[in-house]
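A quick write-up on the structure given underneath.
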Amino acid sequence: MKKEWWKESVVYQIYPRSFMDSNGDGVGDINGITSKLDYLKELGIDVLWISPIYKSPGADNGYDISDYQDILESFGTMEDFDFLLHEAHQRGIKIVMDLVLNHTSNEHPWFIESRSSKENEYRDYYIWKEARNGREPNNWGAMFGGSAWDYDATTDMYYLHCFSKEQPDLNWENEKVRDDIYKMITWWCDKGIDGFRLDVISMISKDQRFLDGEIGDGLYGNGWPYIMNGPRVHEYLQEMNKEVFSKYDIMTVGEAAGVTIEEAKQYANSNGKELNMVFQFEHMSIDEGKHGKWTTKRYELSDLKKTLTKWQTDLEGEAWNSLFFSNHDQPRSVSRFGDDRPEFREVSAKLLATCLHMMQGTPYVYQGEELGMTNFNFERLDQCRDIETFHYYDELTDAGIYTKEDMMACIRARGRDNARTPMQWDSSENAGFTTGTPWIEVNPNYVEINVNEQLKREDSVFHYYQKIIKLRHENEIMVYGSYESVLEEHESIFAYKREYNDKIWLVLCNFTDQVVDCEYVSEGNTLIISNYKTHITKKLQPYEAIVYENEMIKKG
């Protein structure tokens with residue numbers, strides 16, 4: 001297997017609005033990130049992926065870009081970014097930008113021109129269609145609720161927006177759109193950044209027939225078959241790679257919801273013609289219900305094992321995995337996949353770190369994950385800030401599908417704002433995030449869960465992450481070793497082997513709050529890492545994780 005720096009790296013995702021506020025306006029900013037680089041260096045990460053900091057009206061917290069080559073004023077200036085880039089590089093930390101190429105803001109100059117008249121030179125930069133029987137061109141629903149089409153009276157036509165109406169989809173069929181995008185990406189590469197996370201990149205090619213989608217339990221047709229992994233998506237990515245990516249030593253990761261194993265092999269093939277890796281979301285949907293993510297349903301360990309094992313084994317040698325349990329769009333991992341009750345929060349957070357980071361692929365740590373930060377107990381809708389939450393709250397309660405109380409329970413369990421509450425730096429007011437009023441409430445448990453407290457305590461979640469990141473840097477088996485599932489049918493234990501150059505490691509993870517039998521636990525084994533100081537022979541304690549290297553495993 002070819003060795004690459006991005007395979008050996010650990011990536012830390014920053015949601016800048018919630019990371020650190022340097023000027024007291026309640027919003028995190030670029031200088032706030034710069035002020036915490038030494039903390040990130042101490043953690044040991046290699047790459048920072050920074051969610052969008054471009055100029056934006058903020059309809060979707062920066063994922064609606066109005067200028068790709070300018071910085072949002074509340075985040076700072078381009079000079080601030082250049083200083084961050086320099087200071088990060090001085091510490092050996094790389095910077096990956098978050099790039100949204102499926103759509104822009106409706107305030108982007110391209111769209112302002114596009115909607116002004118049918119004859120405008122930018123008209124075909126977006127997807128415009130005539131009404132059908134006096135209504136939308138087809139029945140597709142938008143990702144954030146409602147129709148995927150919005151009527152524009154100026155030209156008496158509809159434009160496509162797969163997300164909110166403030167996020168019109170770009171028309172990638174137009175060669176001029178692609179050329180302008182490649183020039184913009186080149187500009188950032190020449191500035192010295194180290195790569196891109198490409199937002200919803202699997203959606204850039206649409207089926208040009210624009211057929212109606214199947215209507216299931218929802219109110220609109222499912223456009224996914226005509227939007228995801230479209231007919232020309234690989235052609236576009238190979239063109240982008242040829243024109244830009246291949247000319248720089250950068251890391252590229254594509255967000256690819258709905259991607260299959262076979263499609264992932266095309267997106268992230270080891271031949272390097274498209275992207276380095278993709279984010280697949282199959283394990284993020286194992287706890288979905290009748291109404292998608294809006295449920296309080298708990299996942300089944302058997303589904304998690306089956307899904308992650310499939311991606312480990314089926315991509316091996318052909319494409320590269322992205323390893324993650326949380327990001328800015330997902331609830332907190334310890335609340336979702338672990339156990340955030342006080343007696344189990346830290347031990348289960350360490351279990352999740354062990355289970356994930358020991359797999360083959362590039363691991364991603366989302367801000368606060370290294371502390372075991374939890375979901376927020378949202379009691380009222382006005383505590384929320386997320387456009388998706390507001391859309392679905394209205395849609396599902398207005399339709400009588402959920403009561404308001406039931407919908408708030410779903411938001412507490414699955415809402416995106418769980419990941420967006422401010423980073424918890426210390427036990428002072430607002431968790432040390434800001435001296436002003438934070439844009440979204442700080443989780444009240446910051447008094448117990450914060451960076452300052454964990455840096456002082458050797459057995460903290462932070463120090464466990466630090467150890468596991470150091471292990472990865474020092475042991476190629478964690479990066480390049482093959483993966484083999486162990487105890488595949490066990491209902492409580494997620495176990496697997498890694499093998500590389502005659503070395504074998506065994507990873508044992510008990511995903512329950514009970515003591516369970518496990519024949520592999522023995523004092524005679526060579527311990528690599530564990531979230532418990534003492535062990536019980538042939539038993540795994542609640543949420544215990546152990547990694548061994550020993551002869552018994554090699555023979556077994």
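If you scan region 273-287, which residues turn out to be open to solvent by less than 40 Å² (accessible area, probe 1.4 Å), within 17 Å of Ser202 (Cα to Cα) and part of a loop (DSSP other than H, G, I, E, B)? Walk me through how you get there before you give the answer.
First pass over region 273-287, keeping only residues open to solvent by less than 40 Å² (accessible area, probe 1.4 Å): 274-281, 283-284, 286-287.
If we keep only those that are within 17 Å of Ser202 (Cα to Cα) too, we end up with 274-281, 284.
Residues satisfying the conditions are Glu274, Leu275, Asn276, Gln280, Phe281.
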On the basis of being of a type in the set (D, E, K, R), part of a helix (DSSP H, G or I) and surrounded by fewer than 20 Cβ atoms within 10 Å (Cβ to Cβ), does Arg412 make the cut?
yes
Taking region 172-183, which residues are open to solvent by 10 Å² or more (accessible area, probe 1.4 Å) and either more than 14 Å from His108 (Cα to Cα) or touching a Pro at 6+ places or on another chain (Cβ under 6 Å) (or both)?
Glu173, Asn174, Glu175, Lys176, Arg178, Asp179, Tyr182, Lys183
Pick from region 513-532, criterion free of Cβ contacts under 8 Å to residues at least 40 places away in the same chain, under 22 Å from Arg345 (Cα atoms) and in a loop (DSSP other than H, G, I, E, B), ranking: least open to solvent (accessible area, probe 1.4 Å)
Val515
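Taking Arg91 as the residue in question, decide whether it is of a type outside the set (Ser, Thr, Tyr), open to solvent by 10 Å² or more (accessible area, probe 1.4 Å), under 17 Å from the mean Cα position of the chain (by Cα) and modelled with pLDDT of 95 or more.
In short, no.
Phe75: touching a helix residue (DSSP H, G or I) at 6+ places or on another chain (Cβ under 6 Å) and either closer than 30 Å to Ser482 by Cα or hydrophobic (A, V, I, L, M, F, W, C) (or both), yes or no? Write out each step before concluding.
Values: touching a helix residue (DSSP H, G or I) at 6+ places or on another chain (Cβ under 6 Å): yes; either closer than 30 Å to Ser482 by Cα or hydrophobic (A, V, I, L, M, F, W, C) (or both): yes.
When the stated conditions are applied, Phe75 passes them.
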How do the pairs read when you match residues in region 53-74 that are open to solvent by 10 Å² or more (accessible area, probe 1.4 Å) and among the acidic types (Asp, Glu) with residues anywhere that are part of a helix (DSSP H, G or I) and at pLDDT 95 or above, using Cβ under 9 Å and keeping only pairs 6 or more apart or on different chains?
Asp67/Pro109; Asp70/Met78
Going residue by residue through region 142-153, is there one that turns out to be outside any loop (DSSP other than H, G, I, E, B), touching a Cys at 6+ places or on another chain (Cβ under 9 Å) and of a type outside the set (Val, Ile, Thr)?
no
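Out of the residues in region 458-512 meeting the condition of being among the charged types (D, E, K, R) and assigned to a helix (DSSP H, G or I), tell me which one is nearest to Glu4 (Cα to Cα). Spell out the reasoning first.
If we filter region 458-512 for residues that are among the charged types (D, E, K, R), which is where we start, we get 458-459, 467, 470, 472, 474, 476, 484, 488-489, 491, 497-499, 502-503.
Subsequent filtering for residues that are assigned to a helix (DSSP H, G or I) retains 467, 470, 472, 474, 476.
Working: Lys467: 22, Lys470: 18, Arg472: 14, Glu474: 15, Glu476: 12 Å.
Checked region 458-512; the qualifying residue nearest to Glu4 (Cα to Cα) is Glu476.
Among the residues of region 377-388 satisfying the criterion of being open to solvent by 50 Å² or more (accessible area, probe 1.4 Å) and in contact (Cβ under 8 Å) with a residue 12 or more places away in the chain, which is nearest to Ile14 (Cα to Cα)? Step through it out loud before you land on a result.
Pass one, region 377-388, residues open to solvent by 50 Å² or more (accessible area, probe 1.4 Å): 377, 379-380, 382, 385.
Okay, now just the ones that are also in contact (Cβ under 8 Å) with a residue 12 or more places away in the chain, so 377, 379-380, 385.
Working: Asn377: 22, Glu379: 26, Arg380: 26, Arg385: 18 Å.
Ranking the qualifying residues of region 377-388, first place goes to Arg385.
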Could you please give the count of residues in region 125-148 that are within 17 Å of Phe111 (Cα to Cα) and of a type in the set (Asp, Glu)?
0
Taking the criterion of being farther than 25 Å from Leu323 by Cα, open to solvent by less than 30 Å² (accessible area, probe 1.4 Å), at pLDDT below 95 and hydrophobic (A, V, I, L, M, F, W, C), would at least one residue in region 389-402 satisfy it?
yes
Looking only at region 441-463, which residues are surrounded by 19 or more Cβ atoms within 10 Å (Cβ to Cβ) and under 20 Å from Ser22 (Cβ atoms)?
Val442, Tyr446, Asn450, Val451
Flag for Asp217 being surrounded by fewer than 17 Cβ atoms within 10 Å (Cβ to Cβ), closer than 19 Å to Trp140 by Cβ, at pLDDT 95 or above and not hydrophobic (A, V, I, L, M, F, W, C)
no
Enumerate the pairs (first residue in region 291-314 and free of Cβ contacts under 8 Å to residues at least 40 places away in the same chain; second residue anywhere and open to solvent by 40 Å² or more (accessible area, probe 1.4 Å)) with beta-carbon separation below 7 Å, excluding pairs fewer than 6 apart on the same chain, so at least 6 apart or on different chains.
Thr307/Glu282
Condition check for Leu48: open to solvent by less than 20 Å² (accessible area, probe 1.4 Å), touching a Phe, Trp or Tyr at 6+ places or on another chain (Cβ under 6 Å), aliphatic (A, V, I, L, M) and over 30 Å from Tyr464 (Cβ atoms):
no
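If we scan region 143-163, do we find a residue that is among the polar types (S, T, N, Q) and open to solvent by less than 10 Å² (accessible area, probe 1.4 Å)?
Here is the first cut: in region 143-163, the residues among the polar types (S, T, N, Q) are 147, 154-155.
Of the ones still in play, those that are also open to solvent by less than 10 Å² (accessible area, probe 1.4 Å) are none.
Scanning region 143-163 turns up no residue that is among the polar types (S, T, N, Q) and open to solvent by less than 10 Å² (accessible area, probe 1.4 Å).
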If you go through region 249-267 one residue at a time, do you hit one that is among the polar types (S, T, N, Q), on the phi < 0 side of the Ramachandran plot and open to solvent by less than 10 Å² (accessible area, probe 1.4 Å)?
yes
Being in a loop (DSSP other than H, G, I, E, B) and under 19 Å from Pro542 (Cα atoms) narrows it down to one of Gly338, Gly317, so name that one.
Gly338
Somewhere in region 487-498, is a residue at negative phi, touching a residue at least 60 places away in the same chain (Cβ under 8 Å), open to solvent by less than 30 Å² (accessible area, probe 1.4 Å) and not hydroxyl-bearing (Ser, Thr, Tyr)?
yes
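The values are calculated or read from the model by the stated rules, or taken from the named source; none is laboratory data. Everything numeric here is computed off the predicted structure, so don't read it as measured data. Heads up, the Cβs are rebuilt from the backbone with ideal geometry, glycines too, and the neighbour counts pull from every protein chain shown. All accessible areas refer to the heavy atoms of the entire protein, side chains included, with ligands and DNA or RNA removed. Shrake-Rupley method; radii C 1.70, N 1.55, O 1.52, S 1.80 Å.
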